[in-house]
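Beneath this line is the structure, given in structure tokens, with notes to follow.
Only the coordinates and a few stated rules stand behind these numbers; no lab work does. Quick caveat: nothing in here was measured; it's all calculated off a predicted structure. Glycine also receives a Cβ, built like all others from the backbone with ideal geometry; neighbour counts cover every protein chain displayed.
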């Protein structure tokens with residue numbers, strides 16, 4: 001699938017003192033007028049800002065230098081260690097994206113690879129047909145054909161557990177993938193309806209990669225031997241931690257304007273300084289007021305903004321001893337006031353301080369509504385009542401049960417000062433209801449390893465979604481299997497009722513009904529209380545003013561061949 005949910009640590013360094021918040025801090029809930037105003041501001045946010053420039057006004061040649069959050073070793077995006085934002089950004093410059101999303105999240109076939117596509121539902125059975133561009137070929141000279149589709153389906157459908165895949169979503173619904181009239185005609189039949197079909201087979205990898213679990217898991221380790229895009233791999237330098245792609249002169253589509261793109265892994269705290277020093281040509285500021293102001297002060301800089309499917313949240317470990325009780329999780333939810341957290345995280349940004357009250361739809365998306373049932377409202381008295389009822393009685397300053405303290409570990413990436421601040425604010429709030437919070441700073445490179453291992457009670461990070469929110473729900477909220485495979489459900493919570501609701505929503509072809517079902521899913525996710533949404537994160541990119549066709553893309557996909565410097 002094209003993007004699916006991918007995790008990033010997210011906010012980087014924000015040099016602010018944690019204000020004394022009187023425990024909860026500020027108002028318990030914004031007024032109706034404030035909420036309406038913030039919602040209107042969110043709706044008015046730009047969909048995309050990339051300094052869009054006609055190709056004839058873009059220089060031929062040159063190199064753009066960009067930063068990665070961390071060095072990556074797995075360049076097969078579908079492999080469990082490869083489903084990361086950095087990997088997706090790099091491979092999208094040289095691997096096939098069958099569909100491309102515009103700024104309104106509308107996805108159309110990419111004619112460089114698929115000249116026509118069509119989905120038909122007859123008697124409840126769905127068939128999708130692809131007409132492949134007969135010029136499309138892999139860098140080893142082999143044409144892109146139906147065989148690549150067959151191999152990718154078999155690799156990602158979840159039946160062979162030796163394939164370490166990040167998700168089988170959609171592929172597990174496919175009944176067959178067959179050759180049509182020619183090798184460039186693909187017929188995909190679904191056993192169950194899948195409205196998110198335009199998100200499938202992207203990025204596409206060659207048949208040889210998916211032919212065996214060994215090749216799938218290892219052939220793109222520290223390598224990308226076969227490509228098919230406007231760029232190809234130039235050099236992977238593990239010592240310098242740089243990945244260079246160069247223009248592929250065998251590319252049959254729009255010739256890339258740039259000679260090369262160099263991606264370099266830089267510690268998050270060094271991103272803006274590197275931009276200020278001219279080491280990189282653009283930097284993602286995200287939701288970081290200090291970085292925003294610092295980058296804004298660099299001469300010749302554009303601050304490009306958009307709203308997209310990126311959201312900040314707290315994930316709760318429902319498998320942990322303290323949080324396995326839903327009543328305790330409910331208590332913690334209403335014991336946290338999100339407003340001081342937003343004020344801390346978003347200070348210094350020209351961005352509406354609007355809480356996110358939906359797990360499926362962003363504030364700026366059609367279908368967004370509040371399904372929280374009050375779990376989004378700061379209410380310390382209710383929190384105390386819930387904890388009392390759950391058997392956690394206050395003894396001194398901390399609640400205890402069976403002689404054990406209610407002590408929650410707030411685990412965060414140590415290079416993100418803003419995450420530490422979130423922890424300190426949470427610590428102060430929960431102290432008021434008798435819950436102890438211990439801050440646990442993780443080594444940055446081990447942060448997501450620890451999340452995968454369930455080594456936390458509460459942890460903050462960012463989810464980046466897709467234009468198809470209903471097609472990716474199982475990854476985050478699916479009932480956990482005995483073994484943690486194909487799943488980004490780090491809460492370890494789930495239910496048959498929620499699974500059934502997600503199945504209904506992801507199968508609904510009527511867009512109006514689908515939104516209604518999506519919100520029914522969200523209502524159940526709120527009640528489960530495993531993920532506390534904070535806000536739709538700003539997509540803010542500081543870029544050299546001469547850099548064209550790059551910046552804050554929102555829901556849109558990048559068009560790497562168009563990127564370059566203005567004449």
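Residues within the reach of a label modelled at residue 424 (point 7 angstrom out along Cα to beta-carbon, backbone nitrogen below 16 Å), restricted to the stretch 311-353, are 340-347.
Convex hull volume of the C-alpha atoms in the stretch 312-537, normalised per residue: 126 Å³.
Annotation: the stretch 207-345 has a Kirkwood hydrodynamic radius of 20.0 angstrom, from the mean reciprocal C-alpha pair distance.
Taking the average, over residues, of other Cβ atoms within 10 Å as the packing measure, peptides 385-396, 285-296 rank 285-296, 385-396 from highest down. Taking each residue as 0.36 nm, the span from residue 60 to residue 343 lengthens on full extension beyond its C-alpha to C-alpha distance by 97.5 nm.
Considering the stretch 500-548 at the alpha-carbon level, its Rg and Dmax are found to be 17.4, 50 Å. With distances taken between every two different alpha-carbon atoms, the stretch 64-120 has a Kirkwood hydrodynamic radius of 13.3 Å. Radius of gyration over Kirkwood radius for the stretch 438-567, both on Cα atoms: the Rg/Rh ratio is 1.05. Report note on the peptides 309-315, 187-193, 240-246: ranked by the mean count of other C-beta atoms within 10 Å, highest first, their order is 309-315, 240-246, 187-193.
Multiplying each eigenvalue of the alpha-carbon gyration tensor of the stretch 346-424 by 5 and taking the square root yields semi-axes of 31, 21, 11 Å, largest first, rounded to whole angstroms. For the chain, the 222 nm mean residue ellipticity estimated from helices alone, with every DSSP H stretch of n ≥ 4 adding -39500 (n - 2.57) and the total spread over all residues, rounds to -7000 deg cm²/dmol.
Taking every C-alpha pair closer than 8 Å and separated by at least 6 residues, the mean separation divided by the residue count of the stretch 97-220 gives a relative contact order of 28 percent. For the chain, relative contact order (Cα pairs under 8 Å, six or more residues apart, normalised by length) works out to 26 percent.
From the Kirkwood radius over Cα pairs of the stretch 298-369, Stokes-Einstein at 10 °C and 1.306 mPa s returns a whole-number translational diffusion coefficient of 105 µm²/s. Pairwise Cα distances in the chain exceed 33 Å in 42 percent of cases.
Based on the mean of other Cβ atoms within 10 Å per residue, sort peptides 82-93, 418-429, 330-341 so the most packed one is first.
Per-residue mean Cβ counts within 10 Å order the peptides as 330-341, 418-429, 82-93.
Would you list the P(r) distribution for the stretch 263-413, with all Cα-Cα distances sorted into 5 Å bins from 0 and each bin expressed as a whole %? In order of increasing distance, the bins hold 2, 7, 13, 15, 15, 12, 11, 9, 7, 5, 2, 1, 0 percent. Nearest 0.05, what FRET efficiency do residue 439 and residue 319 give at R0 = 22 Å with Cβ-Cβ as r? It comes out at approximately 0.60. Overall shape of the stretch 145-205 was characterised from the C-alpha gyration tensor. The equivalent ellipsoid obtained from it has semi-axes of 18, 14, 10 Å, in decreasing order.
For the stretch 97-220, the C-alpha radius of gyration divided by 2.2 N^0.38 Å, with N the number of residues, is 1.03. One equal scatterer on each Cα of the stretch 333-391, no solvent, Debye formula: the resulting log10 I(q)/I(0) at q = 0.15 Å⁻¹ is -0.58.
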